[in-house]
Amino acid sequence: MDAVTERTGSAPVTSVGLRVGRLAGVVPDAMRFCFELVTAGTPLEGAALEFEQPDGRGRCRSCGAEFVLADLILLCECGSADVEVLAGRELAVASVVLRS
Ligand SMILES: [Zn+2]
């Protein structure tokens, strides 16, 4: 929220797009609820929150395979659990739409 108002100042915001990796541990509904609470009385009040949830990617340190991680179960097909998370933990503001 601070990240947005730092750039948009007091301009009213219609919607905020967030990019939240599937492994970021963020539940969109819970986030939406918090967002409503913390934005009450600010230029962000009433803004819609939109989520983009890219899949995670992991690489097995044992066999070198790269694969999609749909959740935090880090297990390679080869049976190894020594998996490095390459992507999916990001949490970023992807877009902001100002009311005109
Ligand atoms: Zn493997």
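Of the residues making up the range 5-30, just one is part of a helix (DSSP H, G or I), open to solvent by 60 Å² or more (accessible area, probe 1.4 Å) and modelled with pLDDT of 90 or more, namely Asp29.
Checking each residue in the range 31-78 for being aromatic (Phe, Trp, Tyr) and assigned to a helix (DSSP H, G or I) picks out Phe33, Phe35. Within the range 71-95, track down each residue that is open to solvent by 50 Å² or more (accessible area, probe 1.4 Å), among the small types (Gly, Ala, Ser) and either within 26 Å of Val16 (Cβ to Cβ) or more than 11 Å from the ligand (Cβ to nearest atom) (or both). Residue satisfying the conditions is Ser95 alone. In summary, Glu45 fulfils each of the numbered conditions (1) in contact with a helix residue (DSSP H, G or I) (Cβ under 8 Å, 6 or more places away or on another chain); (2) within 16 Å of the ligand (Cβ to nearest atom); (3) acidic (Asp, Glu) with the single exception of condition (2). Answer with yes or no whether Val93 is outside any loop (DSSP other than H, G, I, E, B) and more than 14 Å from the chain's Cα centre (by Cα). Criteria not met by Val93. Look at the range 49-65: where a residue is among the hydrophobic types (A, V, I, L, M, F, W, C) and more than 16 Å from the ligand (Cβ to nearest atom), no partner that is part of a loop (DSSP other than H, G, I, E, B) and open to solvent by less than 80 Å² (accessible area, probe 1.4 Å) sits 6+ places away or on another chain with Cβ atoms under 8 Å.
The values are calculated or read from the model by the stated rules, or taken from the named source; none is laboratory data. Just so it is clear, the model here is predicted, and its values are computed rather than measured. Because the Cβ atoms are built from the backbone with ideal geometry, glycine has one as well, and the counts that use them run over all protein chains shown. For the accessible areas, the whole protein counts, side chains as well, though only heavy atoms, and no ligand, DNA or RNA atoms are used. Shrake-Rupley method; radii C 1.70, N 1.55, O 1.52, S 1.80 Å.
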